[in-house]
1. Roughly what would the spin-label model give for Tyr80 and Gln118, points 7 Å off Cα along C-beta, in nm?
2. So if I take the centroid of the Cα atoms in segment 88-134 and the same for segment 26-60, what is the distance between those two points in Å?
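No value in this document is a laboratory result; all are computed from the given coordinates. On a predicted model such as this, the values are computed, not experimentally measured, just so you know. Cβ: placed from backbone, ideal geometry, glycine included. Neighbour counts: every protein chain shown.
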Amino acid sequence: MVQLWRAFGELVPLFLIIVLVSCITVYFVSKKKNLDFKRVIINILLGLSIIGILLVTVYPRYYGTEIPTIINIVPFIGMYDIMFHSVDITVPIRNLGLNILLFVPFGFFLSLKISSLQKKVMLNVILNCTLSSRQ
């Protein structure tokens, strides 16, 4: 979590301002064009959650001088090392919990947008496989 805050701490206020400005703009545009305001907001928030996931997983830009960037060639080797070679049991639990927490907004907004369970599962699998292959 500390690494995430170091990497994206200065972007949090900017991200919140963009969300606020987007919501206000969408409100006035949807009111003028008679669009469904809730649907447009759900679409924007779903897109922003995908952008947030991509920023955290695919494009972490700053780790500091003491933490080198690691490139994993073998899939899931990093998770294996964390699970079986960590000093404390809380490390893998925290890692898994934060990974699940990262996808909660995406799942929430996707469930508001799509009603079919099969489509939801398919989109989640596609996003997870894409991110796993890109990392």
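1. 3.5 nm
2. Cα centroid of segment 88-134 versus Cα centroid of segment 26-60: 18 Å apart.
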